[in-house]
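Just below is one structure, and these are the notes that go with it.
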Amino acid sequence: MTNSDIILYHGLASTCSKKVRLALFEKGLAFESRLLDLQKFEQHAPEYLALNPNGVVPTLVHHGAPIIESSVIIEYIDDAFPSVPLRPNDALARSRMRLWTKFSDDVAYKAVYAPTWEILSKRASASFAEDKLQDVLARIPTKERRDRWETVARNGFTEVEMRDAYDKMRQCLDRIEAALAHGPWLAGEVYSLADIAMIPFIDRIRNLRPEFMPVETYPRLTAWEVALRVRPAFDRAFNFRDDPRAEELPNM
Ligand SMILES: N[C@@H](CCC(=O)N[C@@H](CS)C(=O)NCC(=O)O)C(=O)O
């Protein structure tokens, strides 16, 4: 069943898209899927830039209004569809939850993007001739993403950038292990947007650098991950199949 009041523009492998898919599936919300092929630069098409001027996924369109930025989108989903609440009620736990959604944007995202791009985006752009590369770059709306695509197409990320990513991975793992001393979930007693915002990045770190996360060092994190993976919404969001394009796009 789909619900065309809700349209999600997203990427199959995209961690930020997984955040939003997980929130939607936890709420049991049907939505119309528009998967974009990020390695074919569909996120820079003028029609898409009219919805998301940053030229990135995800974008949620609800009753025709676009909402961008994954952490903003998941709070919007919880505001607009309050049954099955995904935020704690008490103010302190809610502030903890918001620290995690902020941390997912400020640290966790930066922990994974360079190593991920080295695998997925490099493949798409490394063999471009100069004129083709210039053509692609000219359609990218922000300097930050133009620079990133140019880096990956030319020399790849530097050792310093990769080391910084690995430092941030360890910071994510350590912070989660410490937080889980106070509850089964990141914000405490209640499963919330904090867990939804962080699990895509932990899943990606496990894909990229499983040796960083031995169970002896991270027993609480490991148990938290298992508890998340057995939720039905997890499989639907991470192994997303509700779009024919899912078969042709890379996931990781
Ligand atoms: N802060 C944004 C980041 C979005 C983002 O970087 N999305 C990636 C996929 S995870 C993307 O669209 N990459 C394609 C590109 O940069 O061209 C959010 O949380 O929504």
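The values are calculated or read from the model by the stated rules, or taken from the named source; none is laboratory data. Quick caveat, the model's predicted, so the values are computed rather than measured. Glycine gets a Cβ as well: all are built from the backbone with ideal geometry, and neighbour counts include every protein chain shown.
The residues listed here are 165, 114, 153; of these, the one that is more than 17 Å from the chain's Cα centre (by Cα), of a type in the set (A, V, I, L, M, F, W, C), assigned to a helix (DSSP H, G or I) and crowded, with 17+ Cβ neighbours inside 10 Å is 153. When we screen 48, 9, 109, 76 for residues that are within 16 Å of the ligand (Cβ to nearest atom), hydroxyl-bearing (Ser, Thr, Tyr) and in a strand (DSSP E or B), the only hit is 9.
Scanning the stretch 183-239 for residues that are surrounded by fewer than 23 Cβ atoms within 10 Å (Cβ to Cβ) and among the hydroxyl-bearing types (Ser, Thr, Tyr) gives 191, 217, 218, 222.
Among the residues of the stretch 224-252, those identified as in a helix (DSSP H, G or I) and free of Cβ contacts under 8 Å to residues at least 24 places away in the same chain are 226, 229, 235, 244, 247. The sole residue among 98, 139 that is more than 23 Å from residue 252 (Cβ to Cβ), surrounded by 16 or more Cβ atoms within 10 Å (Cβ to Cβ) and modelled with pLDDT of 95 or more is 98.
Can residue 203 be described as under 23 Å from residue 93 (Cβ atoms) and charged (D, E, K, R)? So residue 203 does not fit the description; no. Taken over the stretch 51-71, the criterion of being in a strand (DSSP E or B) and in contact with a strand residue (DSSP E or B) (Cβ under 8 Å, 6 or more places away or on another chain) is satisfied by 59, 60, 61, 62, 66, 67, 68.
Residue 105 falls short on exactly one of the conditions (1) touching a helix residue (DSSP H, G or I) at 6+ places or on another chain (Cβ under 6 Å); (2) over 14 Å from residue 15 (Cα atoms); (3) charged (D, E, K, R), and that condition is (2).
For the stretch 169-215, filtering for residues that are assigned to a helix (DSSP H, G or I) and either modelled with pLDDT of 95 or more or polar (S, T, N, Q) (or both) leaves 32. Taken across the stretch 26-37, residues that are within 10 Å of the ligand (Cβ to nearest atom) and not in a loop (DSSP other than H, G, I, E, B) do not occur at all.
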